[in-house]
Amino acid sequence: MNGRAAGPVRDRTDDDLAECVRVLSEVHRRDGYPVNWPERPGEWLSPAASLGAWVAELDGRLAGHVGLSRSAEGDLAPGLWDERTGADAESAAVLGRLFVAPWARGYGIGALLIDRAVREARRHGLHPVLDVVSSDTAAAALYERLGWERMATVEQLWGPGRTVAVHCYAGP
């Protein structure tokens, strides 16, 4: 790891939220994630149906974030999971709000965060699923390397006259 020390993934605390928003802003400026910048990014990182959120550190700095939640309006993957398995959409947990600071990439932090969220989903007896915009090829490649299966690509309306292609994945 080039002498850099990744800390363990830990529960996100209220004290982490401002730094998470700052890092998310860097990610948005560089990568365009999230596609639509939220009016209240702290609330966006803390959805009402949250099952948990975690952060990772590298060299003592907040380097990444992931969340896990119940299905919410606009989530496509839980419905596809239901169709595919015959299970209730409530049997899925949605992995989201995943980002890694640009300076911290290449150290396996994304994979560590995903693993933590997947373990939490399973602890709740839920199957992890997610939606990712098709233009985010780096995220899609990471999920596929980690054994996630693309269930479908769906066109979704994300604003007046704005249609986005979204890949829907089921966890391994």
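The values are calculated or read from the model by the stated rules, or taken from the named source; none is laboratory data. What you are looking at is a predicted structure, and each value in this text was computed from that prediction instead of being measured. FYI the Cβ positions are ideal-geometry reconstructions off the backbone, even for glycines, and counts take in every protein chain you see. Calculation scope for accessible area: heavy atoms of the full protein, side chains included, ligands and nucleic acids excluded. Shrake-Rupley method; radii C 1.70, N 1.55, O 1.52, S 1.80 Å.
To keep it simple, each residue is scored yes or no on (1) of a type in the set (Lys, Arg); (2) modelled with pLDDT under 95; (3) in contact with a helix residue (DSSP H, G or I) (Cβ under 7 Å, 6 or more places away or on another chain).
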position	(1), (2), (3)
Arg10	yes, no, no
Val21	no, no, yes
Leu24	no, no, yes
Pro34	no, yes, yes
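Is there a residue in the stretch 130-139 that is under 23 Å from Asp11 (Cα atoms), touching a residue at least 12 places away in the same chain (Cβ under 8 Å) and in contact with an Asp or Glu (Cβ under 8 Å, 6 or more places away or on another chain)?
Yes: one or more hits.
Run down Leu76, Leu113, Leu80 and say which single residue is crowded, with 22+ Cβ neighbours inside 10 Å and either touching a residue at least 60 places away in the same chain (Cβ under 8 Å) or aromatic (Phe, Trp, Tyr) (or both).
Just one listed residue meets the conditions, Leu113.
Go through (1) touching a Lys or Arg at 6+ places or on another chain (Cβ under 9 Å); (2) open to solvent by 10 Å² or more (accessible area, probe 1.4 Å) for Ala93 and report which single condition fails.
Checking Ala93 against (1) touching a Lys or Arg at 6+ places or on another chain (Cβ under 9 Å); (2) open to solvent by 10 Å² or more (accessible area, probe 1.4 Å), the one that fails is (2).
Only one residue in Asp59, Asp16, Asp75 is more than 24 Å from Met151 (Cα to Cα) and touching a strand residue (DSSP E or B) at 6+ places or on another chain (Cβ under 6 Å), so which one is that?
Asp16
Residues Gly147, Gly171, Gly161: which one is more than 23 Å from Arg30 (Cβ to Cβ) and without any contact (Cβ under 8 Å) to a residue 12 or more places away in the chain?
Checking each option against the conditions leaves just Gly161.
Name the one entry in Ala18, Ala56 that is crowded, with 16+ Cβ neighbours inside 10 Å and not basic (Lys, Arg).
The conditions single out Ala56.
Which ones in the stretch 22-43 are among the hydrophobic types (A, V, I, L, M, F, W, C) and crowded, with 17+ Cβ neighbours inside 10 Å?
Scanning the stretch 22-43 gives Val23, Leu24, Val27.
Among what's in the stretch 119-163 and is in contact with a helix residue (DSSP H, G or I) (Cβ under 9 Å, 6 or more places away or on another chain), hydrophobic (A, V, I, L, M, F, W, C) and not in a strand (DSSP E or B), pick the residue that is surrounded by the fewest Cβ atoms within 10 Å (Cβ to Cβ).
Looking at the filtered set, the residue picked out is Ala138.
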